[in-house]
Each structure stands twice: as C-alpha cells, then as structure tokens.
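Let me begin by presenting the structure, written as structure tokens, before commenting on it.
The values are calculated or read from the model by the stated rules, or taken from the named source; none is laboratory data. The structure displayed is predicted, hence computed values, not measured ones. Heads up, the Cβs are rebuilt from the backbone with ideal geometry, glycines too, and the neighbour counts pull from every protein chain shown. When the accessible area is computed, the model is the full protein with side chains, heavy atoms only, and any ligands, DNA or RNA have been set aside. Shrake-Rupley method; radii C 1.70, N 1.55, O 1.52, S 1.80 Å.
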Amino acid sequence: MQVSKIKRVKSYVETLRAFALGETKYYELVHTDYTGFHNARKRLQDKKVGQFSFEQYEENGKKYFMITRNE
C-alpha cells in the first residue's frame, strides 16, 4: 500500500483579503507566488475590495514581496 499526501492549495485572494487597512506583510517568493499575488490583486481591485501595493526585493539570494493594503 502506498500512502498519498494531501496537497494544500494556496489561496492568494484569501491571503490578501485577510489584510487590515494599512497592514504590511512580507512573503518569500517561491514557484508561482509572484503571478498568484498579482492575479489575486487584480481580481480584488476589479471587485473594488481593496487596493494593494507590492514591492519586490532580493536579500541573501532569496526573493521577497512586501505587500501593503492601501484601502
């Protein structure tokens, strides 16, 4: 018998919705995170749910995203 593992799906939309107004969080960018966050921001802004600013930077060879909810 081979036991399978449950895969957890990232929800970028729900992650952004959880931000309080003016809150800033930092995320390490791995795999498709960059695209996922941008798509989620577009969906939320189209629905007028919130405005988010993103800033990407690199530190010690790793890429990070600084995300702030502006409104």
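Only a single item in (1) without any contact (Cβ under 8 Å) to a residue 24 or more places away in the chain; (2) surrounded by fewer than 11 Cβ atoms within 10 Å (Cβ to Cβ); (3) not in a strand (DSSP E or B) is not met by GLU58, and it is number (3).
Note on the range 24-37: residues that are over 9 Å from TYR12 (Cβ atoms) and touching a strand residue (DSSP E or B) at 6+ places or on another chain (Cβ under 9 Å) total 8. If only residues of the range 45-55 that are in contact with a strand residue (DSSP E or B) (Cβ under 8 Å, 6 or more places away or on another chain) and either of a type in the set (D, E, K, R) or not in a loop (DSSP other than H, G, I, E, B) (or both) are counted, the one that is least open to solvent (accessible area, probe 1.4 Å) is PHE52. For the range 14-33, check the following and say yes or no: at least one residue is surrounded by fewer than 13 Cβ atoms within 10 Å (Cβ to Cβ), acidic (Asp, Glu), part of a loop (DSSP other than H, G, I, E, B) and at negative phi. There is at least one residue in the range 14-33 that is surrounded by fewer than 13 Cβ atoms within 10 Å (Cβ to Cβ), acidic (Asp, Glu), part of a loop (DSSP other than H, G, I, E, B) and at negative phi. Checked against the criterion of being part of a helix (DSSP H, G or I), at negative phi and basic (Lys, Arg), the candidates LYS10, LYS42 yield just one match: LYS42.
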